[in-house]
Amino acid sequence: MELNSVILTTGASVGFFKLVNYGIGKLPVPETAKRNTWKWKNISTSFVHSLITGVWSVLCFFIHPKMAEDLIETHSVFSHALVSVSIGYFIYDFFDMVLNQKMGQSWELLFHHVVVITCFGISVLSCRYVGFAVVALLVEINSIFLHLRQVLRMASLAKSTFYRVNSMINLGTYVVFRINTLAWMTRWLVLNREHIPLISYTIGSVGLAIMTLMNIVLFYRLMRSDFMKSSREKEVKKEKM
């Protein structure tokens, strides 16, 4: 894809997710979510992004399997477009949070978005490391269940069977598609050090280190909220009986 195509695809993506957010705002909102309608729309839009890019990233390797053998130079227009579309979403979401949420509540995600936009931007503009970026987008498979979890909590369905099933799937996909993927990416970066320019290697290493730390913290929070808390509640109930 040429520069004009990248700009057009990224810009169209920004507009698309803006329309998705607007459309979600026109749908019925659960009573318990009306306390923070902006958050409901933001998470629902993130869910749509995860659903699209998660499936898209898998299809990229299915349609063009040779990309898995060379994550630096080999890629297809299909995979290049995916990374451009994802950049558009993160740009949209960045400004959505800046305009509608306090900095103290969103600085972690804003920093995350800056890192992703920078790394993905280098990839699409240089037409290198596109395969590596697509591997990174495999984490969106987990994000589908992560965002669904947030939606269910806002709808006061945290005690439902569906929520419990989603929590278990969320934790399983978190380990497989988020922690393991980040670990594999870090290993790949180290093993291919001689093929990567110092600037790209440094940005990639710092970015992965930050992502890994953030995901370990989030994993602990998920465990504590969905599993440790329920175990403590069961123990308290037994003591009262």
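The values are calculated or read from the model by the stated rules, or taken from the named source; none is laboratory data. This one's a predicted model, so the numbers in the text were calculated from it and none came from an experiment. Don't worry about glycine lacking a Cβ; one is built from the backbone with ideal geometry, like all the others, and counts go over all protein chains shown. For the accessible areas, the whole protein counts, side chains as well, though only heavy atoms, and no ligand, DNA or RNA atoms are used. Shrake-Rupley method; radii C 1.70, N 1.55, O 1.52, S 1.80 Å.
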Requested in this report: Kindly indicate the residue of segment 13-54 that is among the hydrophobic types (A, V, I, L, M, F, W, C) and surrounded by fewer than 13 Cβ atoms within 10 Å (Cβ to Cβ) and also modelled with the highest pLDDT among those meeting that condition.
Outcome: 19
Query - Meets criteria (open to solvent by 20 Å² or more (accessible area, probe 1.4 Å) and of a type in the set (Phe, Trp, Tyr)) for residue 111 - result: yes
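Residues being aliphatic (A, V, I, L, M) and in contact with a Leu (Cβ under 9 Å, 6 or more places away or on another chain): count how many of those fall in segment 53-93.
Here the count works out to 4.
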**Report entry** Matching residues in segment 138-150 - criterion: being of a type in the set (A, V, I, L, M) and open to solvent by 30 Å² or more (accessible area, probe 1.4 Å)
**Finding:** 138, 148
Query raised in the report: List the pairs whose first member sits in segment 196-221 and is under 26 Å from residue 172 (Cα atoms) and surrounded by 15 or more Cβ atoms within 10 Å (Cβ to Cβ), whose second member is of a type in the set (Gly, Ala, Ser) and modelled with pLDDT of 85 or more, and whose Cβ atoms are under 6 Å apart, counting only residues at least 6 apart or on separate chains?
Result: none
Requested in this report: Could you tell me which numbered condition residue 114 fails, if it satisfies all but one of (1) touching a helix residue (DSSP H, G or I) at 6+ places or on another chain (Cβ under 7 Å); (2) at pLDDT 90 or above; (3) of a type in the set (A, V, I, L, M)?
Outcome: (1)
Query raised in the report: So how many residues does segment 170-191 have that are surrounded by 15 or more Cβ atoms within 10 Å (Cβ to Cβ) and either within 15 Å of the chain's Cα centre (by Cα) or at pLDDT 90 or above (or both)?
Result: 9
Query raised in the report: Looking at 123, 106, which one is of a type in the set (S, T, N, Q), part of a helix (DSSP H, G or I), under 27 Å from residue 3 (Cα atoms) and without any contact (Cβ under 8 Å) to a residue 60 or more places away in the chain?
Result: 123
